[in-house]
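Working notes, beginning with the structure itself.
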Amino acid sequence: MDLKDKTVLVTGASKGIGQATAVEFAKAGANIIVHYNSDEAGVLETKKLVEDYDVEVFVVKANVSDEHNVVEMFKTISAKFEELDVLVNNAGIAKGDDLFDVAIMQKLFEVNYLGPVNVVKHALPLLQKTELGKIVFVSSIFGRASYGNQHLSTYSALKAALDSYMKNMAKELTPQILVNSVAPGRTITPQWGELDAKSYDDLARGALTNKWVDPSQVGDAVVFLAKNDAMCGEVITVDGGMSLKTFG
């Protein structure tokens with residue numbers, strides 16, 4: 001797929017991987033619908049970064065865990081765009097929990113699992129109007145079977161569930177819409193806060209490359225999946241060999 005002048009929706013695009021993904025699509029000439037929930041300053045930064053590539057930018061706001069919000073968001077999008085070529089389901093939260101913290105589990109389930117489901121459900125009418133639609137989920141290496149993170153137990157479990165959901169969605173929607181995921185490793189995003197030099201280096205050594213993944217590298221993988229018309233039901237790992245070193 002040539003992405004020039006295509007329409008791409010990136011959820012959770014006010015910072016981190018979502019912001020970088022929006023920029024990578026803009027570099028490819030796509031028009032970008034930038035979604036956010038609460039980070040006004042971040043989404044304005046994303047908008048400015050995307051506009052540098054002389055493409056159309058359209059900002060929408062919604063809480064993806066609230067289906068009514070998502071319905072209203074797509075009413076706004078449909079009034080502006082006749083079709084949607086690519087959906088990047090990136091919005092989510094990373095929150096530490098233990099194995100029995102039901103309140104945190106419920107919140108993560110609503111945002112990280114039901115959120116993407118809500119978005120796909122209401123994006124489908126627009127995706128089905130294009131010749132070949134693409135959906136890309138942003139997963140995690142912690143979602144791989146037997147991997148996980150004991151400090152992010154629910155987050156890991158839901159990423160695994162989302163990968164399974166993605167594969168079944170691919171079976172349902174192909175050949176009209178191709179569905180895939182990208183699974184990043186340790187990526188330098190605002191969620192890490194301010195790390196001191198030692199912590200930064202120690203965490204980087206968790207990968208074979210001894211480097212953090214840059215959000216733009218994840219965004220580049222998402223763009224690859226959007227361009228490639230032969231990828232279907234796949235989970236592409238972008239982790240600098242972290243899974244090989246840590247789990248292999």
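The values are calculated or read from the model by the stated rules, or taken from the named source; none is laboratory data. Computed from a predicted model, the values in this text were never measured in an experiment. Using ideal geometry, Cβ is built from the backbone for each residue, glycine included, and neighbour counts are taken over all protein chains shown. Accessible surface is based on the protein model in full, side chains and every heavy atom, while ligands, DNA and RNA are left aside. Shrake-Rupley method; radii C 1.70, N 1.55, O 1.52, S 1.80 Å.
With a/c under 1.5 counting as rounded, go ahead and sort region 54-130 into rounded, prolate or oblate using the C-alpha gyration tensor (a ≥ b ≥ c being the square roots of the eigenvalues; past the cut-off, prolate if a/b is larger than b/c, else oblate). Judged from the Cα gyration tensor, region 54-130 comes out prolate (a/c at least 1.5, a/b above b/c). Other residues whose C-beta falls under 15 angstrom from the C-beta of Ile17 contribute a net charge of -3, scoring Lys and Arg +1 and Asp and Glu -1. When nucleic acids and ligands are ignored and a 1.4 Å probe is applied, Asp220 ends up with an accessible area of around 90 Å².
Express the carbon and sulfur contribution to the solvent-accessible surface of region 172-212 as a percent, rounded to the nearest whole number, probe 1.4 angstrom.
Details: 1230 of 2370 Å².
Taking all protein chains in place, region 172-212 shows 52 percent carbon and sulfur surface.
Apolar share of the accessible surface for region 85-166: 59 percent from carbon plus sulfur atoms, 1.4 Å probe. Rounded to the nearest 10 square angstrom, Lys6 shows an accessible area of 60 square angstrom against a 1.4 Å probe. Taking the accessible area of region 9-78, probe 1.4 Å, and keeping the other protein chains in place, the carbon and sulfur fraction comes to 46%. Counting only alpha carbon atoms, the long axis of helix 215-227 and the longest principal axis of the chain meet at about 40°. Distance between the 7 Å Cα→Cβ label points at Asp52 and Ala197: 2.7 nm. Among Arg144, Arg205, the order of accessible area from largest down is Arg205, Arg144, computed with a 1.4 Å probe on protein heavy atoms. Each Cα pair under 8 Å and six or more residues apart adds its sequence gap; the mean of these over the residue count of the chain is a relative contact order of 20 percent. Using a probe of 1.4 angstrom and keeping all protein chains present, the accessible surface of the chain works out to 47 square angstrom per residue. Packing, taken as the mean count of other beta carbons within 10 Å per residue, orders the peptides 235-247, 39-51, 15-27 from highest to lowest as 15-27, 235-247, 39-51.
Principal-axis analysis of the Cα atoms of the chain puts helix 115-127 at an angle of about 30° to the longest axis. Which of the residue pairs Lys6/Lys167; Lys6/Lys121; Lys80/Lys129; Lys15/Lys159; Lys121/Lys227 have a Cα-Cα distance greater than 18 Å in the structure shown? The answer is Lys6/Lys167; Lys6/Lys121; Lys15/Lys159; Lys121/Lys227.
Relative to the longest principal axis of the Cα atoms of the chain, helix 67-80 runs at roughly 40 degrees. Per-residue Karplus couplings for region 198-207, computed as 6.51 cos²θ - 1.76 cosθ + 1.60 with θ equal to phi - 60°, are listed in order as 5, 4, 4, 5, 4, 5, 4, 6, x, 9 Hz, Gly and Pro entered as x.
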